[in-house]
1. Looking only at residues in region B:102-134 that are among the charged types (D, E, K, R) and more than 23 Å from B:Ser194 (Cβ to Cβ), which one is farthest from the other protein chains (Cβ to nearest Cβ)?
2. Tell me the residue from B:Leu117, B:Leu130, B:Leu167, B:Leu156 that is under 22 Å from A:Val137 (Cα atoms), hydrophobic (A, V, I, L, M, F, W, C) and free of Cβ contacts under 8 Å to residues at least 12 places away in the same chain, please.
3. What number of residues in region B:70-101 are more than 9 Å from chain A (Cβ to nearest Cβ) and closer than 15 Å to B:Pro172 by Cβ?
4. Please give the helices (runs of 4 or more DSSP H) falling wholly within region B:102-210 in which 2 or more residues are in contact with a Gly (Cβ under 7 Å, 6 or more places away or on another chain) and buried (at least 22 other Cβ atoms within 10 Å of the Cβ).
5. (1) without any contact (Cβ under 8 Å) to a residue 12 or more places away in the chain; (2) surrounded by fewer than 15 Cβ atoms within 10 Å (Cβ to Cβ): which one isn't true of B:Gln243, the others all being true?
6. Inside region A:154-257, counting only helices (runs of 4 or more DSSP H) that do not spill past its ends, which hold 2 or more residues that are surrounded by 23 or more Cβ atoms within 10 Å (Cβ to Cβ) and either on the phi < 0 side of the Ramachandran plot or without any contact (Cβ under 8 Å) to a residue 24 or more places away in the chain (or both)?
7. Is one or more of the residues making up region A:75-83 buried (at least 20 other Cβ atoms within 10 Å of the Cβ), of a type in the set (Phe, Trp, Tyr) and farther than 24 Å from A:Leu248 by Cβ?
8. Do we find that B:Leu52 is surrounded by fewer than 18 Cβ atoms within 10 Å (Cβ to Cβ), in contact (Cβ under 8 Å) with a residue 12 or more places away in the chain and within 13 Å of chain A (Cβ to nearest Cβ) in this structure?
Amino acid sequence: MNRLIQDLWYAFRNFLETFGAMQLFLLRILAYSPKTLLTRFRLIAHEIYAIGAMSLVIILICGLFVGMVLGLQGYDTLAQFGAEEGLGTAVALSLLKELGPVLTALLFAGRAGTALAAEIGLMRATDQLSAMELMAVDPIRRVVVPHFLGGVISLPLLTAIFNMVALFGAYIIGVSLMGVDSGAFWSQMRPYVEVADVMEGVVKSIVFGVAVSVLAVFEGYNAYPTAEGVSRATTRTVVISAIVVLILDFMITAILI
Amino acid sequence: MAENGRDNIILIEDLYYSRGQKRIFNGLDIAFQRGKITAVMGPSGTGKTTLLRLITGQLVPERGRILIDGQDITALQRNELYELRKRFGMLFQNGALLTDLSVFENVAFPLREHTKLPERLIKHIVLTKLHAVGLRGAAELVPSELSGGMARRVALARAMVMDPDILIYDEPFTGLDPISLGVVLRLIKRLNDSLGITSIVVSHDVEETSSIADESYLISEGQVVASGTPSELKTHGNAVVQQFLSGMADGPVPFHYPGRDYKDQLLDRD
């Protein structure tokens, strides 16, 4: 029993230490970010391509199918109350406020977060980061900040694309397959989907972008410099990102609702 | 810093460093002379690479001073340390080339980061350095297309592109074929002699290192066990030195890692 309490205490202390180190890491990144945005935009643009553009396929496919499923489920439920015409509104609200930001962040963590962690972790394992330090180049400014900013900029854009495609998926199912009126599908959104709903999704996608990106670069940067260390860093990135995204989602929803 | 007729560029005094529970350095004292090639040798695991990381400020010692031209690097702020590092060039064991950049861009990397030189001049400097290591023709290749020896030569070109005062080589001969080894060996000697650079070569390749070193240190158990010219080391009376130089499997440095009694372990006796 004593041993169990001791282990739990160590685990808790370890968690606090890592959490604190990550906050300091994020503060350092944020302090360097404005200058990096101004002076190294080419590096950031390269990361937006590598992280964002290269994630488009998974976002497009998943977005389409999520939208189609929402279309089917939404129609099935609304039809019971004779409110099929509200399908567009129901799908739009659930996508903009919840599913869009959350699902995109989870997909992003799996596709881009792991790539970020693995890339930086491998740079650590092959002494590339040490070599930079010895060339008097700060790897945080040169490598970490551009990767981080690439992630933070990409995720809201990917979320917008996900929402758009998913809405299109719901439209295909609802209008083309189930016979919902096309005009009603779109026009019902106008009075019910407000700017605040869109902004809630935007805020969430930015917060998730910061959270997933900092987790990925932190795990990669602090990876143990072995094959196993890099593998552990990528796994931790996905697992912790998923948990953090869902916790943050609840917190933001609770604040904004 | 002149001391006893020596002009020391790096002076390490009473250095203590531990990794976890294991003591790596136990009051280490070493001096590196300006413009000379100094070899640091010792059995695997004695902390040779750790010593380099301490000298370059990547690790912080528990105790002791590391003076570079009289400036204690353990007391420097981060930006002062980065400024000082511009005087260093380091060749890593595996080259540590940036894998997403071409050979040319790898060598140009420090110039692009630290200077605002026009592109034409950068091209000129990079090609000159690549020519010096015999790889001007490989400028457009990427690191994955290079052999181990070529990668190390590119890393050497990169290490000297900022014209450093001190060039540090971490195990430069490990895993090289005889031709690449000879090339790297001659390059180290030639760079040192023609550019007046101070060279620190960390290695356990006794023959190769001794052939170019002006002075050698042999470290074991966290301290210097012998120092002097390669020929002085050969006649040194210390048993560790003789075991290391002659490559004997067992001796003061044991062949077996400390553990339980062999017989007891086989018979599962506690």
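The numbers here are math on the coordinates, done by the rules we state, and not lab data. Just so it is clear, the structure is predicted and the values come from calculations on it, not from any experiment. Backbone-built Cβ (ideal geometry, glycine too); neighbour counts: all protein chains shown.
1. Quick first cut of region B:102-134, residues among the charged types (D, E, K, R) only: B:105, B:112-113, B:116, B:119-120, B:123, B:129.
Okay, now just the ones that are also more than 23 Å from B:Ser194 (Cβ to Cβ), so B:105, B:112-113, B:116, B:119-120.
Working: B:Glu105: 13, B:Arg112: 10, B:Glu113: 5, B:Lys116: 12, B:Glu119: 15, B:Arg120: 20 Å.
In this case the residue turns out to be B:Arg120.
2. Details: B:Leu130 fails: free of Cβ contacts under 8 Å to residues at least 12 places away in the same chain; B:Leu167 fails: free of Cβ contacts under 8 Å to residues at least 12 places away in the same chain; B:Leu156 fails: free of Cβ contacts under 8 Å to residues at least 12 places away in the same chain.
Among B:Leu117, B:Leu130, B:Leu167, B:Leu156, only B:Leu117 is under 22 Å from A:Val137 (Cα atoms), hydrophobic (A, V, I, L, M, F, W, C) and free of Cβ contacts under 8 Å to residues at least 12 places away in the same chain.
3. Qualifying residue count for the region: 1.
4. Working: elements: B:103-114, B:119-132, B:148-159, B:178-195.
Fully inside region B:102-210 and qualifying: B:148-159.
5. (2) is the only condition that B:Gln243 fails.
6. Fully inside region A:154-257 and qualifying: A:195-221, A:227-256.
7. Yes, region A:75-83 has at least one match.
8. Numbers: surrounded by fewer than 18 Cβ atoms within 10 Å (Cβ to Cβ): no; in contact (Cβ under 8 Å) with a residue 12 or more places away in the chain: yes; within 13 Å of chain A (Cβ to nearest Cβ): yes.
In short, no.
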